[in-house]
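J.: The structure under discussion is supplied below as structure tokens; questions concerning it will follow.
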Amino acid sequence: MDGSSDLYGVTNPTEEEEDGENEFPSINSHDTNENDLYTFLNVSRSATMEEITNQYRKLSRIYHPDKCRDPEKQVYARQLFERAKTAHEILTDPHRRAIYDTLGMKGIKDEKELAVVTRFRSPQEIREDYERLQREKEERRLERLMNPKGSVTVNINVSELFSPYDATEEDDDLMYYDAPPYLELTGFHFAQSIEAPFTSRDTCTMSGNVSAENGRGKGQIMCGLRRIIGQNSWGEFEVGGNTNGMDFGLKGSAPVFNTGVSSSFSIMGHSTEHGFRPFFSAGLHKPLDQMSTLNLLWRAGSMNGLQTTYMRGGQNYRFTASLYLGIPHSFASSSVYYKLENNIKLRGAVKAGTFGAMVEYGVDKKYSQVTSLSATMVVGVPVGVMLRLRLTRGNQSYIFPIQLSDQILPPPIFYGTIAPVILWTLVSKLFLEPYEEEKKRLEKEKQKAAYKEQVAEKRAEASAAIALMRETYHKIVSDERSRNGLVVMSATYGAIYSSGPTTTAQTGSSDQEILDVTIPVQCLVRDSRLDLHDSTKVNLPGFYDPAPGEEKSLLIRYLFQNREHQVIVQDTEAIQLPKTTHQVAPI
């Protein structure tokens, strides 16, 4: 336990528990280069059955193998026709569409192996079941990889920086007090636990901790057996010892009939310097709605009291309020955190009671999937001013409570607040950002190398698709010219950083290849209107990825009502043509 989080001897939610979130990969975040069915048909993800069928019929007229006499082109025509047919079959079946929307093509391939896919369940139920299965699968994977959990806490006292000792003539060792302020390590705490499942319902646990403070040390080791009794119930027995004798514990949790309330209990026996002491706690937990929970906890033993906690949270915030009435101390507390962009969280807390009062404020930064940093300032009585730094890597935590002052003084509050910001900025600029840039560069190189083997096949498929579109292309251009409608003069796709190239697609294998997609884009025009949805253009017929790992854009020059227009959009940006804002001013 770190710093002042246990000021009143009552355990409050840890930083991880307050966050209340498991960082799992998004279920819908399948690879953007996968054959996206919606993009291939050029419909939105909310498209109706009629819109999907109309687009399928349009593509089937272009790619039907019977319309192609060239044997080589017929092979590609059959492939494209089958892709359109598959897309239509999946997206017009509500059950299979729900699976695809949740898991992509992997879910379609595995649907026969998963019992949740039945004709008696709604698409929403299928989505929920797949999401639940994916979460459980991810949880099991993380448990296998990160079973060991531990923490290292180092208490540091630098209060002499802000409150130097005032030596007097009566002091025996004036030279010692004339020395500059020094850093003092006042305590250490090491804790580690391991969980080893040996059946689907039974898990063996082992935990231990060692600490030293003010020249005195102590330690504890516990072994336990946890058994899952039912769907939402479990029990655990622990036995072990510490530097003063034997310890034991019995705890568990179970639902209270069908009330929606869950209960928990804990019976502990702990050997101390003053003899063997029992501890007991019991709690009730009631979800009030999808966003809020009410907890009631009663403790007996070293501290007797009743604690009520209300928690409410959404996707980007969490609020907690708690009231504890007990002997010898009572207190009230409230905390809140708010999630910003770039994986940054702001947090704050206020605690006040018979033992004192404090204010906490801080910031958390999630650096990667398993690494986060946090800095929290604690100001109050009797703690004074404290800066708590925390590094979390997987299930390992490294905590550094730094005592800046025993009194509430402005200088330690100011420097304790500003120093972490300056330190983080320097570390980010000198180490983290260069590391991330190098990591992205290596990932791009890896992606390019993996895609290089497929690029010839993708280029041939796109060329065949364009060849099959030519007849439709000339017909659409003729119709649009006759009505002064939308005629695509040129369209290029790739890593375009300036106003766009004026040449057609390169024929070599350059990493910066630019595609000429004039014909594919014109074939998407319908009734003098072009609609492209907010997904990567790579999966459109006649397109492929010319620059793996690079940011790509689509540059379109077109005529509408005999006026020249031009627009450039990012790869995943939606676009609608024509627009007056695209009109090119005459020179």
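The values are calculated or read from the model by the stated rules, or taken from the named source; none is laboratory data. Computed from a prediction, not measured in an experiment: that's the story for all the values here. Cβ atoms come from the backbone with ideal geometry, glycine included; neighbour counts cover every protein chain shown. Each accessible area value is taken on the protein alone, full model and side chains, heavy atoms only, with ligands, DNA and RNA left out. Shrake-Rupley method; radii C 1.70, N 1.55, O 1.52, S 1.80 Å.
J.: Pull up all non-local amide H partners of Ser528: gap of 5 or more, or a different chain, and H-to-H distance under 5 Å with H placed in the peptide plane.
T.: Amide H to amide H, under 5 Å and 5 or more residues apart or across chains, Ser528 pairs with Leu486.
J.: What is the distance, in nm, between label points placed 7 Å from the Cα along the Cα-to-Cβ direction at Thr581 and at Val350?
T.: About 4.4 nm separates the two model spin labels.
J.: In addition: How high is the relative contact order of region 356-434, in percent, with contacts defined as C-alpha pairs under 8 Å that are six or more residues apart? Could the numbers behind the result be given before it?
T.: On the way: 130 pairs, mean separation 17.1, N = 79.
Relative CO of region 356-434 lands at 22 percent.
J.: Turning to a different aspect of this structure: Can you pull the one-decimal nm distance between simple spin-label points at Thr92 and Gln231, each 7 Å off the Cα toward Cβ?
T.: Here the modelled spin labels are 3.8 nm apart.
J.: Then there's this: Can you pull the accessible area of Ile519 for me, 1.4 Å probe, Å² to the nearest 10?
T.: 20 Å²
J.: Given contacts defined as C-alpha pairs under 8 Å and at least six residues apart, what's the relative contact order of region 456-586, whole-number percent?
T.: Numbers: 228 pairs, mean separation 38.6, N = 131.
Once normalised by length, the contact order is 29 percent.
J.: For a quick protection proxy, order the peptides 388-395, 244-251 by their average other-Cβ count within 10 Å, most packed first. Present the calculation step by step, with values, prior to reporting the outcome.
T.: Numbers: 388-395: 17.9, 244-251: 15.8.
So the peptides 388-395, 244-251, ranked by packing, come out 388-395, 244-251.
J.: Using heavy-atom solvent-accessible surface (probe 1.4 Å) with all chains present, what is the largest-first order of Met377, Met105?
T.: Working: Met377 5, Met105 45 Å².
From most accessible down to least: Met105, Met377.
J.: On the accessible surface of region 513-587, probed at 1.4 Å, how many percent belong to carbon and sulfur atoms?
T.: On the way: 1480 of 3260 Å².
Roughly 45 percent, rounded to a whole number.
J.: I'd like the Karplus ³J(HN,Hα) series for region 72-81: coefficients 6.51, -1.76, 1.60, θ = phi - 60°, whole numbers in Hz, and an x wherever there's a Gly or Pro.
T.: Per residue, the Karplus-derived 3J(HN,Hα) values read 5, 5, 5, 4, 5, 4, 5, 5, 5, 5 Hz.
J.: Quick check: at a probe of 1.4 Å, how many percent of the accessible area of region 366-467 sits on carbon and sulfur atoms? Mind showing how you got there, number by number?
T.: Numbers: 3860 of 5980 Å².
So the carbon and sulfur contribution to the accessible surface is 65 percent.
J.: On the full set of protein chains, 1.4 Å probe, figure out the accessible area of Ile422 and give it in Å² to the nearest 10.
T.: 90 Å²
J.: Taking 7 Å along the Cα-to-C-beta vector as the label spot, tell me the Ser263-Lys444 distance in nanometres, rounded to one decimal.
T.: 6.1 nm
J.: Taking only protein heavy atoms and a 1.4 Å probe, what accessible area per residue, in Å², does region 456-586 have with all protein chains in place? Write down the numbers at each step before the final one.
T.: Numbers: 6270 Å² over 131 residues.
I get 48 Å² per residue for region 456-586.
J.: Okay, next question. Amide H neighbours of Met489 under 5 Å, at least 5 residues apart or on other chains, H built in the peptide plane: list them.
T.: Under 5 Å from the amide H of Met489 lie the amide H atoms of Arg557, Tyr558, Leu559, each far enough along the sequence or on another chain.
J.: Report the full-extension gain for the segment Ser463 to Gln566: residue separation times 0.36 nm, less the Cα-Cα distance, to one decimal in nm. Walk me through the intermediate numbers first.
T.: Working: separation 103, 0.36 × 103 = 37.08 nm, distance 2.48 nm.
Gain in length upon complete extension: 34.6 nm.
J.: Give me a comma-separated list of calculated 3J(HN,Hα) values for region 263-271, in order, Karplus coefficients 6.51, -1.76, 1.60 applied at θ = phi - 60°, integers in Hz, x for any Gly or Pro.
T.: 10, 9, 8, 8, 10, 10, x, 10, 7
J.: Rounded to the nearest whole Å², what accessible area per residue is found for region 221-311 with the 1.4 Å probe?
T.: Working: 5430 Å² over 91 residues.
Value for region 221-311: 60 Å² per residue.
J.: Something else about it: Please work out the FRET efficiency for the pair Ser292 and Val256, using the Cβ-Cβ distance as r and a Förster radius of 25 Å; give the result to the nearest 0.05. Walk me through the numbers before you get to the answer.
T.: On the way: r = 19 Å, r/R0 = 0.74.
Step by step, r from the Cβ atoms, then E = 0.85.
J.: Need one word for region 235-279: rounded, prolate or oblate. Basis is the Cα gyration tensor (sqrt eigenvalues a ≥ b ≥ c); a/c below 1.5 gives rounded, then a/b vs b/c decides. Don't skip to the end; give the middle numbers.
T.: Values: a/c = 6.63, a/b = 3.04, b/c = 2.18.
Prolate.
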